[in-house]
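Q: Following this message is one structure expressed as structure tokens.
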Amino acid sequence: MRLQARIVLLPLDRKELNFCKAILKSDFGNDLPRLMTEALRIALQSARGLDEPWTKEIKFYWKKLNSRPPHNVRGYWNVARDTIIELIEQNRKTGVLVGGLPMIGVPTRIASAAVFHPEELMRWLAFRAIANKQLGRFVKCDYCGAWGLRERARKSNRYCKTECQEAAHLELVKRSQNEAPAFAALGQSGRDAIRTQQIKSTGAKKGKLPAMLENEKKVLELRSRRSQLRKL
């Protein structure tokens, strides 16, 4: 007879989400002591339900790491940051995560984990986040290049905050306005050639190009009529 057990991975709380965000943005300089303190707190919190010898061993390993030279500690955290970035990108592309979990205490309904170093900690947090659809909330901004935490997990997220999204949209509008006169001066055949290349770059099939161009012309004509009516 086979016994099946369901393990519950709790979602990351606000402090854990902010900790992951801080790791993604940090250069592990002056903020390293604060991050180490918070990492130990999360590691011990994750070990709830384990026997006391386990918690003592976890404290021992984290304090041992903290006693090492700063450049060694930064090396561990750089590896941990690369790990969670890889998992975020992997999740964004495929929707799944591949990799090992730290030691989990069973039998228990809510999983407890024994994490002994930064990479294990970040992998444990990442797996809990993907189990609760939170990992997609972390995004590297296309506008400013910084990591951010969005309120909702969406694959379409490209900006770290609303201000960057609005600034990027404004730049796009200004660029379109500047390019519009030159685009209009090309004539109909020139504009069609440019749009054909743009549509081809999206992977559209060759037979669909004329219909797509015709639909775009109709949309542009409709917009032109609307703008004329507003001026009346």
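Q: Out of the residues in the stretch 87-108 meeting the condition of being exposed (fewer than 14 other Cβ atoms within 10 Å of the Cβ) and at pLDDT 70 or above, tell me which one is nearest to the chain's Cα centre (by Cα).
A: Within the stretch 87-108, the match that is nearest to the chain's Cα centre (by Cα) is E89.
Q: For the stretch 110-169, list the strands (runs of 3 or more DSSP E) that sit wholly inside it and hold at least 2 residues that are within 30 Å of K63 (Cα to Cα) and not aromatic (F, W, Y); which are they? Please lay out each step first, then the result.
A: Working: elements: 112-114, 138-140, 147-149.
Passing ranges, in order: 112-114, 147-149.
Q: Select from the stretch 20-45 the residues that are outside any helix (DSSP H, G or I) and of a type in the set (D, E, K, R) and list them in ascending order.
A: D27, D31
Q: Of everything in the stretch 116-140, what is surrounded by fewer than 20 Cβ atoms within 10 Å (Cβ to Cβ), hydrophobic (A, V, I, L, M, F, W, C) and modelled with pLDDT of 90 or more? Give them in sequence order.
A: Matches in the stretch 116-140: F116 only.
The values are calculated or read from the model by the stated rules, or taken from the named source; none is laboratory data. Quick caveat, the model's predicted, so the values are computed rather than measured. Note: ideal-geometry Cβ built from the backbone for every residue, glycine included; neighbour counts use all protein chains shown.
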